[in-house]
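First comes the structure, then the notes that go with it.
What follows draws every value from the coordinates through simple rules; no lab data is involved. No experiment lies behind these values; they were computed from the predicted model shown. Positions of Cβ are generated from backbone atoms using ideal geometry, with glycine treated the same way; all protein chains shown enter the neighbour counts.
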Amino acid sequence: MCDNFSKVKGYLNELKYSIIEENETEGLFVIDNEEEGVKNMIIVVDDPILIMQQLIFKVKNDDVNMYKALLQKNQDILHGAFVLNEAGDSVLFRDTLQVENLDLNELAGSLNSLSLLIGEYANEIIKFSA
């Protein structure tokens with residue numbers, strides 16, 4: 001895992017993401033790039049996969065129409081998807097990549113997907129989180 005952890009760290013630095021926290025033993029990064037809509041994103045390097053996840057909003061109203069809209073929006077997301085956490089009280093952005101053959105462009109594509117999603121769907125996210 002050490003090589004993959006270092007590879008991912010190098011990519012994150014090259015892409016100009018701030019590494020707020022890292023733990024090589026757990027394969028964990030917490031990253032920020034607020035200009036791109038990334039705040040406290042968790043990245044876990046867990047061979048053979050890399051998992052990235054970021055809180056989008058806390059669920060305040062258990063609304064079927066909101067869940068339906070989020071599921072419909074998933075089909076437009078280039079990489080990753082909206083998911084509910086295990087407790088069902090938070091909507092997250094989550095993507096999973098194969099780490100063995102991961103390259104800079106693939107990681108950038110997943111991170112950019114979140115940025116595009118936040119940019120184009122911000123008004124709806126604000127409504128859902130109110």
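Can you say whether K7 is under 26 Å from S129 (Cα atoms) and not polar (S, T, N, Q), as far as the supplied structure shows? Before the answer, list the steps.
Numbers: under 26 Å from S129 (Cα atoms): no; not polar (S, T, N, Q): yes.
For K7, the condition - under 26 Å from S129 (Cα atoms) and not polar (S, T, N, Q) - is not met.
Residue-wise test of (1) farther than 16 Å from L55 by Cβ; (2) touching a helix residue (DSSP H, G or I) at 6+ places or on another chain (Cβ under 7 Å); (3) free of Cβ contacts under 8 Å to residues at least 24 places away in the same chain.
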| site | (1), (2), (3) |
| --- | --- |
| N74 | yes, no, yes |
| A81 | no, yes, yes |
| V91 | no, yes, no |
| N105 | yes, no, yes |
| N112 | yes, no, no |
| L117 | no, no, no |
| I126 | no, no, yes |
